[in-house]
Amino acid sequence: MIQKIAWKNIWRNKLRSIILITSIALGIWAGLFMMSMTTGLNTQRIGNAINSGLGHIQIHHPEYTKEYNPKYFIKDTASLRQTLSQLPAIKSWSYHNNFTGMIASPTGGYGVALIGINPLTEKNTTSIHTKIISGTYFTSDKKNQIVIGEKLARKLKVELNNKIVVTFQDTANNIISGAFRVTGIYKTASSSFDESIAFLNKKDLEKLAGTSSIVNEVIVFLDDVTDVAPTKNKLSTSLPMLQVRSWDDVSPELGYANELMSIALSVFILIIILAMAFGIINTMLMAVLERKRELGMLISVGMNKRKVFSMILNETLYISLIGGPIGIIGAWATINHFGKVGINLSSMGKGLDSLGIGSIIYTKLDSQMYLTITIVVVLTALLASIYPSLRALRMNAAEAVRQN
Amino acid sequence: MSLIQVTNVHRVYNETDIPVSALKGVNLSIKEGEFTAIVGPSGSGKTTLLNIIGGLDSATDGSLEVAEKNITHLGTNELIDFRLNNIGFVFQAYNLIPVLTAKENVEFIMLLQGWEKNKREQRAMQLLEEVGLKEKVNSKPAQLSGGQQQRVAVARALASHPKFVLADEPTANLDSASTNNLLDIMVELNQREQITFVFSTHDQRVIDRARRVITLEDGQIKSDIHK
Ligand SMILES: Nc1ncnc2c1ncn2[C@@H]1O[C@H](COP(=O)(O)OP(=O)(O)OP(=O)(O)O)[C@@H](O)[C@H]1O
Ligand SMILES: [Mg+2]
């Protein structure tokens, strides 16, 4: 019956209870939604970076990554191929030969990374072929094709089918240049990527440089991101002569940003939780103090402190346990919805582009996070209800039942 | 043998700037089955005395025995249990839990005592019938008149089978018809079931029906008349 009284008590002041329930629900909703935006943002940023060329794992000659000199290439591609094909976690891989060079048009020249690819195998790995906004991603019959980013094309003031001059240093440190025709222009979520990376046919580059087929870089994609660490370890043991790095080894700043965001998020969540706790304390205290007489009467007629305490505690918990699930379910629904349709932020999309996120954010949240928040909310509600409940015990029976 | 034995009780309120001496050596003995009114001018110490007898307040000095048990030095929790099992209370107002029906209000006290549901309901119904509220068992306090609310309070006070019932100005908020009705019920319960009532009042009609009238003045007993 004490639970029943508690339950009925919270509806005595409907408006106040509803306001408290709503603010708890909104707090949770906002917290979870913020988290899902950040998680979505990060996942997209990392996913975009991985798909547009980072890959899950990269393999190089150990000297290559020191100064990115193309003369350090992987010699034993046969055993490499065998190792890669034996690991079931690996979905696909592609070979690159990379040169640093310059691309010049009549209006100017810009330093870029030239990535030599095999257009056929590349399509199984990186996603650049899906980002073509004009032209095609290499046609099979023509020589000296180049695919450049939209931003670089704008800077060079070149259009599709224009010729540009590509200059680079070959494996023997000779300066080599050749004319290439722009057959495709791509646009990824990252404008700095689009500005600085050009794709060429690996064979054309090798022909210009007068070398045989060389591999500077292997980009490996897995089916499941969670396999990255174990697969990296297996590859390192099987390929002791080569350097094997995971995406976060290659691009640690992606991980740092993750950490930064989660710190900012924790502060945000803490603020929400504190606001919630104070809301609960304040409202319940009010509810207790305005019922001074009644609580005094209950203590007078023989309701012991444990029961009075548990009655007020129950009232607070009921309110939190209504507000909490509403917030969590609401958040789940919104996050699911925007996880599918995305939130279009193109009005501020320029900034997001340069961060490599894209202008549409797809919200996303681990189910683990829902559980964590549920526990945090219940604990907060419990802790916040202790003070008003204790305050109810301080009622002096004799004072409370006095009329004046 | 007395049910309530008050010996040389003093009560000084020290909470204020100037200490107020509300009771100045009260000696009093009340036997089982009495129907006693405590009267006196406003501020004479009636509420203070009733609160001390009821274990709601403690004497600054002196001792109190209820049913041969000295309760002067009981701790808060022991006192709450003592009140629950030995004393029925009727206050001037705010007696009932607003969210519960009349029946649930009466049951509540038995619930605190750990009665099982069937027995609780049965006794609540019976008591409400005795105070003439058979038709109102499922009404909430707000749906009852002041007199009806006080009758529910009397039923509630009796539910725990207390040794006596304390009532501080139970009729102060009632019109004369309700006052008479409530008194009829109290007198009836006193005569038929030997329920001991101790109540304070200002109301001459109530004083007229008491069988013993104790008059307080300035914290001391001025007269004690058995009729
Ligand atoms: N908490 C308190 N602090 C200080 N003085 C108090 C307190 N409670 C009561 N008093 C004083 O003690 C005296 C007795 O008060 P009490 O309430 O017992 O009188 P009463 O006879 O019940 O009066 P009434 O008929 O107005 O109800 C009064 O002078 C009152 O002002
Ligand atoms: Mg009084």
> Where the centre of each part is set by its Cα atoms, how far does the range A:254-308 sit from the range A:1-45, in angstrom?
Replying inline: 12 Å
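Which trypsin sites (Lys or Arg not before Pro) in the range A:97-146 pass both tests, a DSSP loop state and at most 11 other beta-carbon atoms within 10 Å? Spell out each step's value before the answer.
Values: sites: A:Lys123, A:Lys131, A:Lys142, A:Lys143; in loops: A:Lys123, A:Lys131, A:Lys142, A:Lys143.
Sparse-neighbourhood loop trypsin sites (Lys or Arg not before Pro): A:Lys142, A:Lys143.
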> Using heavy-atom solvent-accessible surface (probe 1.4 Å) with all chains present, what is the largest-first order of A:Met286, A:Met276?
Replying inline: A:Met286, A:Met276
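What's the tally of Lys pairs in the range B:90-166 whose alpha-carbon atoms lie under 13 angstrom apart, where the two lysines are 8 or more places apart or on different chains? If you can, show how the numbers build up before the last one.
Numbers: B:Lys103/B:Lys117; B:Lys103/B:Lys119; B:Lys103/B:Lys134; B:Lys103/B:Lys136; B:Lys103/B:Lys140.
Taking the range B:90-166 as the scope, the lysine pair count is 5.
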> Taking chain B, how much of its Cα-Cα pair set, in percent, is spaced more than 30 angstrom apart?
Replying inline: 23 percent
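Give the percent of DSSP beta bridges with both residues in chain B that are antiparallel, rounded to the nearest 5. Intermediate values should be presented prior to the final figure.
Working: 22 of 38 bridges.
For chain B, the DSSP antiparallel bridge percentage is about 60.
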>> At a threshold of 8 angstrom on Cα-Cα distance, excluding pairs fewer than six apart, so keeping six or more, what relative contact order does chain B reach in percent?
In response: 29 percent
> What per residue convex hull volume, in Å³, do the alpha-carbon atoms of the range A:62-241 yield?
Replying inline: 124 Å³
> In whole angstrom, how far apart do the alpha carbon centroids of the range B:112-181 and the range B:1-77 sit?
Replying inline: 25 Å
>> Pick from A:Val376, A:Val165, A:Val301 the residue whose mean-square fluctuation is largest in a GNM of chain A, springs joining Cα atoms under 10 Å.
In response: A:Val301
> Dipole of chain B (Lys/Arg Cβ +1, Asp/Glu Cβ -1, origin at the Cα centre): which of B:Ala167, B:Ala124, B:Tyr13 lies farthest to the positive side?
Replying inline: B:Ala124
>> Straight-line reach from A:Lys292: which lysines fall under 16 Å, measuring Cα to Cα and dropping same-chain residues less than 8 apart?
In response: A:Lys305, A:Lys307
> What percentages, rounded to whole numbers, describe P(r) for the range B:133-227 computed over all alpha carbon pairs with 5 Å bin width beginning at zero?
Replying inline: 3, 11, 22, 24, 19, 13, 5, 2, 1
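Given only helices, namely DSSP H runs of n ≥ 4 each adding -39500 (n - 2.57), what is the per-residue ellipticity at 222 nm of chain A, to the nearest 500 deg cm²/dmol? Can you show the working numbers first?
Numbers: 16 runs with 222 residues, N = 404.
Calculated mean residue ellipticity at 222 nm is -17500 deg cm²/dmol.
What stretch of chain A, leaving out the sites themselves, is the longest with no GluC sites (Glu not before Pro) in a DSSP loop having at most 14 other Cβ atoms within 10 Å?
Details: sites that count: A:Glu63, A:Glu159, A:Glu290.
By the stated rule (loop sites, at most 14 other Cβ atoms within 10 Å), A:160-289.
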> How many angstrom lie between the C-alpha centres of the range B:190-227 and the range A:112-176?
Replying inline: 108 Å
> Taking every residue in B:112-122, how many Cβ atoms of other protein chains lie within 10 Å of its Cβ, on average?
Replying inline: 1
>> With a 10 Å cut-off between alpha carbons and a GNM built on chain B, which of B:His161, B:His73, B:His202 moves the most?
In response: B:His73
>> Name the residue from A:Ala89, A:Ala25, A:Phe168 whose Cα lies farthest towards the positive end of the charge dipole of the protein assembly as shown, charges +1 on Cβ of Lys and Arg and -1 on Cβ of Asp and Glu.
In response: A:Phe168
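About its Cα centre, what dipole magnitude does chain B give when the only charges are +1 on Lys and Arg Cβ and -1 on Asp and Glu Cβ, stated in debye to the nearest 20? Intermediate values should be presented prior to the final figure.
On the way: 24 positive and 28 negative charges, 99 e Å.
It comes to approximately 480 debye.
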> For the range B:42-160, what's the radius of gyration and Dmax over Cα atoms, in angstrom?
Replying inline: 15.7, 47
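Need one number: convex hull volume per residue for the protein assembly as shown, Cα atoms only, in Å³. Don't skip to the end; give the middle numbers.
Numbers: hull volume 144.5 nm³, N = 631.
Roughly 229 Å³ of hull volume per residue.
With a probe of 1.4 Å, find how much accessible area chain A has per residue, and write the answer as a whole number in Å². Intermediate results must be reported in sequence, preceding the final value.
Working: 19080 Å² over 404 residues.
The answer is 47 Å² per residue.
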> Roughly how big is the B-A contact, given as buried accessible area in Å² (both sides, 1.4 Å probe, nearest 100)?
Replying inline: 2400 Å²
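Might you report the magnitude of the Cβ-based charge dipole of the range A:62-241 about its Cα centre, with Lys and Arg at +1 and Asp and Glu at -1, to the nearest 20 debye? Write out the running numbers ahead of the final one.
Values: 21 positive and 16 negative charges, 76 e Å.
Roughly 360 debye, rounded to the nearest 20.
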> How far is helix A:252-289 tilted, in degrees, relative to the longest principal axis of the Cα atoms in chain A, given as a value from 0 to 90 rounded to the nearest 10?
Replying inline: 10 degrees
> Which value, in debye to the nearest 20, describes the size of the charge dipole of the protein assembly as shown about its Cα centre when Lys and Arg Cβ atoms bear +1, Asp and Glu Cβ atoms bear -1, and nothing else is charged?
Replying inline: 1340 debye
>> Over chain A, with a Gaussian network built from C-alpha contacts below 10 Å, which listed residue (A:Asn304, A:Asn48, A:Asn161) shows the highest mean-square fluctuation?
In response: A:Asn304
> Can you tell which of A:Ala384, A:Gly47, A:Ile115 lies farthest toward the positive end of the dipole of chain A, using +1 and -1 charges on the Cβ of basic and acidic side chains (Lys, Arg; Asp, Glu)?
Replying inline: A:Ala384
>> With the cut-off at 18 Å, tell me which of the pairs A:Lys71/A:Lys202; A:Lys142/A:Lys163; A:Lys142/A:Lys202; A:Lys71/A:Lys234; A:Lys131/A:Lys163; A:Lys157/A:Lys202 have Cα atoms farther apart than that.
In response: A:Lys71/A:Lys234; A:Lys131/A:Lys163; A:Lys157/A:Lys202
> What Kirkwood radius, in Å to one decimal, follows from the Cα pairs of the range B:1-63?
Replying inline: 12.4 Å
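Viscosity 1.306 mPa s, temperature 10 °C: what is the translational diffusion coefficient of the range A:248-319 from Stokes-Einstein with a Kirkwood Rh over Cα pairs, rounded to a whole number of µm²/s?
Numbers: Rh = 15.7 Å.
Translational D for this selection: 101 µm²/s.
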> Near A:Lys232, which lysines are there with a Cα under 18 Å away, not counting those fewer than 8 places off in the same chain?
Replying inline: A:Lys91
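Exposed loop sites here are GluC sites (Glu not before Pro) in DSSP loop states with at most 16 other C-beta atoms within 10 Å. What is the longest stretch of chain B lacking them? Mind showing how you got there, number by number?
On the way: sites that count: B:Glu15, B:Glu32, B:Glu68, B:Glu116.
After excluding every exposed loop site, the longest remaining stretch is B:117-227.
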> What does the average come to when, for each residue of peptide B:91-100, you count the partner chain Cβ atoms lying within 10 Å of its Cβ?
Replying inline: 6
> Can you list the aspartates and glutamates whose alpha carbon sits under 19 Å from that of A:Lys75, skipping same-chain ones fewer than 8 residues off?
Replying inline: A:Glu63, A:Glu67, A:Asp170, A:Glu206, A:Glu217
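The values are calculated or read from the model by the stated rules, or taken from the named source; none is laboratory data. Predicted model, so just to flag it, every value in this text is computed and none were measured. Positions of Cβ are backbone-derived with ideal geometry, glycine not excepted, and every protein chain shown enters the neighbour counts. The protein model used for the area step is the full one, side chains on, heavy atoms only, and it has no ligands, DNA or RNA in it. Shrake-Rupley method; radii C 1.70, N 1.55, O 1.52, S 1.80 Å.
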